[in-house]
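Right, one structure below, let's go through it.
The values are calculated or read from the model by the stated rules, or taken from the named source; none is laboratory data. What you are looking at is a predicted structure, and each value in this text was computed from that prediction instead of being measured. We place every Cβ from the backbone using ideal geometry, glycine too, and count neighbours over all the protein chains shown.
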């Protein structure tokens, strides 16, 4: 397994993985063209978890200024969950964010996603507020 930067050729596999796990995400129908456009944006970065040339996970990072960065979306294929790979992806994203030195690092997790909340708590995040995310309750969590 290796973690690397997103390439345009990853767009189909990332979209498929995202859509297979859409119950966890803000956007439920991700298109490859959208991903290609997002990854051209200098304030967005995506990391890919790859195994034998296949996309097995991804983690995005967005930062519009030095004040705040947001991690997400993050996903690991169902078959590989529970092996620490999500943590490795998130830590790679955090390492990237540390270069930017934002005052705040946040994530948004659906309130119904208890496993996601626990995952981010294990990385040092804590809940700072509840928000509406496309008609669903979500929590904004910040890194300590």
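Checking each residue in the range 8-29 for being surrounded by fewer than 20 Cβ atoms within 10 Å (Cβ to Cβ), assigned to a loop (DSSP other than H, G, I, E, B) and either at pLDDT 95 or above or under 13 Å from the mean Cα position of the chain (by Cα) (or both) picks out 21, 26, 27. Sort through 66, 4 and tell me the only one that's modelled with pLDDT of 95 or more, surrounded by fewer than 17 Cβ atoms within 10 Å (Cβ to Cβ) and more than 26 Å from residue 135 (Cα to Cα). Answer to the check: 4. Residues in the range 103-114 include at least one that is in contact with a helix residue (DSSP H, G or I) (Cβ under 9 Å, 6 or more places away or on another chain) and loosely packed, with under 14 Cβ neighbours inside 10 Å.
In the range 100-114, of all residues being in a loop (DSSP other than H, G, I, E, B) and touching a strand residue (DSSP E or B) at 6+ places or on another chain (Cβ under 9 Å), the one that is nearest to residue 24 (Cα to Cα) corresponds to 113. Just one of (1) under 19 Å from residue 48 (Cβ atoms); (2) not in a helix (DSSP H, G or I) fails for residue 97. It is (2).
The set of residues in the range 44-62 being over 11 Å from the mean Cα position of the chain (by Cα) and either in contact (Cβ under 8 Å) with a residue 24 or more places away in the chain or buried (at least 19 other Cβ atoms within 10 Å of the Cβ) (or both) consists of 49, 50, 51, 54, 55, 56. Selection of the range 69-105 for residues being without any contact (Cβ under 8 Å) to a residue 12 or more places away in the chain and over 19 Å from residue 144 (Cα atoms) yields 79, 81, 82, 83, 84.
Residue-wise test of (1) over 25 Å from residue 6 (Cα atoms); (2) at pLDDT 95 or above.
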residue: 89; (1), (2): no, yes
residue: 112; (1), (2): yes, no
residue: 116; (1), (2): no, no
residue: 128; (1), (2): yes, yes
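Given the condition modelled with pLDDT of 90 or more, more than 16 Å from the chain's Cα centre (by Cα), within 18 Å of residue 10 (Cα to Cα) and outside any strand (DSSP E or B), answer yes or no: does some residue in the range 30-43 qualify? No. Residues in the range 115-140 that are part of a strand (DSSP E or B) and either surrounded by 18 or more Cβ atoms within 10 Å (Cβ to Cβ) or in contact (Cβ under 8 Å) with a residue 12 or more places away in the chain (or both): 125, 126, 127, 128, 130, 131, 133, 136, 137, 138, 139, 140. Take the conditions under 15 Å from residue 123 (Cα atoms) and surrounded by fewer than 18 Cβ atoms within 10 Å (Cβ to Cβ) and apply them to residue 94. Does it pass? Taking the combined requirement at face value, the residue satisfies it. Residue 76 meets each of the listed conditions (1) under 15 Å from the mean Cα position of the chain (by Cα); (2) surrounded by fewer than 18 Cβ atoms within 10 Å (Cβ to Cβ); (3) over 21 Å from residue 134 (Cβ atoms) apart from (2).
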